[in-house]
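A quick write-up on the structure given underneath.
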Amino acid sequence: EAKRAGRGTLCFFDPDLDQVTRDRHVLGADLRDALALDQFELHYQPVYAAVPRQLIGYEALVRWRHPTRGMISPAQFIPLAEETGLIHILGAWVLQTACHEAATWPEELQVAVNLSPTQFKRDGLVKLVQSCLERTGLHPTRLELEITESVLLDETLANVSILKQLQAIGVKIALDDFGVGYSSLSYLRSFPFDKLKIDRSFVTEMPASREAAAIVRAITTLGHSLGMITTAEGVETQDQLDALRKEHCDLIQGYLYGRPLPAAQLVHKVNKVS
Ligand code: C2E
Ligand code: MG
Ligand code: MG
Ligand code: MG
């Protein structure tokens, strides 16, 4: 009995863990075929100006419609795509598809695309962005690329150079999930972002938490004094919206204003002010 308990603590023999590992292998193999089988789709979540409320564009969020498991969240398969290297072709597909769809929208609307830090590890990212814009005819200023601070963690100089080349084309660069992770303020010094996206974890605690409100205020003030605009992510309630307006947050994104939807279901109410 003691021997069995002892063995159970060794992870190599844990049947559940083994199952998880095997599951990742199967999912990884499925992922390799998913592009060819046309199982990825982009959903678009609206982004609104806080005051007055006005649609300014959408963030593209990738979805995997798995034949037997249903919709799989990007939080599950993006890390897998990064490990296997598939992120390079998946990322190119996302960029091309988002630019293609956005080119059909009213021209005042922008599209934001998430980039994985892995995509910076291979040459040709600037060329890829450029060719997506050329092929689709989307004006560069209508494209925003969202990165996380991990892009500036290693290879800082090389990646800052890539980001500057992208900005030189006219593309906007946003820093996603700001305030969590390492979040050293020196990232803001190393690159002139166009936008800071305040992480949902702060927004969720507003307005009840005075600490969260103070952090949001600090990020907004800092961003503005550096010439950046701020977006609040994950806004779900009117109370949160009111608090964010009070802190002069520029843009609002969250379930309160809209969930991510397939392109065909979007209604572009560009002049709606309320
Ligand atoms: P993210 O870029 O920070 O995207 C915001 C996430 O918050 C999305 O989750 C969105 O659906 C969710 N969200 C938006 N509003 C609310 C809200 O009011 N409440 C709550 N609870 N959640 C909200 P999603 O679509 O599952 O994506 C998760 C992450 O996966 C993204 O976080 C992004 O880091 C990554 N991701 C998504 N699409 C892509 C892609 O095309 N390429 C890459 N590299 N990463 C992607
Ligand atoms: Mg994002
Ligand atoms: Mg985010
Ligand atoms: Mg996030």
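Please get the size of the charge dipole for the chain, origin at its Cα centre, with Cβ charges of +1 on Lys and Arg and -1 on Asp and Glu, quoted in debye to the nearest 20.
Dipole about the Cα centre, nearest 20: 200 debye.
At 1.4 Å probe radius, can you tell me the per residue accessible area of the chain in Å²?
Spelled out: the 1.4 Å probe surface of the chain, per residue, equals 52 Å².
Take every Cα-Cα pair in region 198-274 and report what % of them are more than 20 Å apart.
Beyond 20 Å sits 34 percent of the P(r) for region 198-274.
Cβ neighbours within 10 Å, averaged per peptide: list 188-199, 151-162 in order, most packed at the top.
My ranking of the peptides, most packed first, is 188-199, 151-162.
Under 14 Å from a label point 7 Å along Cα→Cβ of residue 264: give me every residue in region 19-40 with its amide N that close.
Flagged as within label range: none.
Explain nothing, just the number: dipole magnitude of region 159-274 about its Cα centre with +1 on each Lys and Arg Cβ and -1 on each Asp and Glu Cβ, in debye rounded to the nearest 20.
For region 159-274, the charge dipole is close to 360 debye.
Which value at 222 nm does the chain reach when only helices count, each DSSP H run of 4 or more adding -39,500 (n - 2.57), with the total divided by all residues and rounded to the nearest 500 deg cm²/dmol?
Computed ellipticity for the chain at 222 nm equals -13000 deg cm²/dmol.
How large is the charge dipole for region 49-189, taken about the Cα centre, if only the Cβ atoms of Lys, Arg (+1) and Asp, Glu (-1) carry charge, to the nearest 20 debye?
So the dipole magnitude of region 49-189 works out to roughly 200 debye.
What ranking do 236-249, 22-35 get when scored by the average of other Cβ atoms within 10 Å per residue, highest first?
236-249, 22-35
Mind checking which of 228, 93, 36 is farthest towards the positive end of the chain's charge dipole, using Cβ charges of +1 (Lys, Arg) and -1 (Asp, Glu) about the Cα centre?
Checking the options against the dipole of the chain, the answer is 228.
Using the Cα atoms as the points, what is the convex hull volume per residue of region 37-105 in Å³?
Expressed per residue, the convex hull around the Cα atoms of region 37-105 is 109 Å³.
Where Rh is the Kirkwood radius over the Cα pairs of the chain, the temperature 20 °C and the viscosity 1.002 mPa s, what D in µm²/s does Stokes-Einstein return?
Rounded, D is 106 µm²/s.
Please count, across the chain, the pairs of lysine residues with Cα atoms under 28 Å apart that sit 8 or more places apart or on different chains.
The result is 24.
Whenever you get a sec, compute what percent of the accessible area on region 154-221 sits on carbon and sulfur atoms (1.4 Å probe).
Of the solvent-accessible surface of region 154-221, carbon and sulfur hold 55 percent.
Would you calculate the convex hull of the Cα atoms in region 149-254 and tell me its volume per residue in Å³?
Convex hull of Cα atoms, per residue: 88 Å³.
With the contact rule set at Cα under 8 Å and sequence spacing of 6 or more, what percent relative contact order holds for region 114-186?
About 37 percent, as a whole number.
Among bridges DSSP assigns within the chain, what percent are antiparallel (round to 5)?
Given both bridge residues lie in the chain, the antiparallel proportion sits at roughly 45 percent.
Quick one: grab Rg to one decimal and Dmax as a whole number for region 12-165, Cα atoms only, in Å.
Rg then Dmax for region 12-165, in Å: 17.4, 59.
The values are calculated or read from the model by the stated rules, or taken from the named source; none is laboratory data. As the structure is a computational prediction, the values presented were derived from the model and not from experiment. For neighbour counting, all protein chains shown are included, and Cβ atoms are generated from backbone atoms with ideal geometry for every residue, glycine included. Keep in mind that these areas ignore ligands, DNA and RNA; they rest on the heavy atoms of the full protein, side chains included. Shrake-Rupley method; radii C 1.70, N 1.55, O 1.52, S 1.80 Å.
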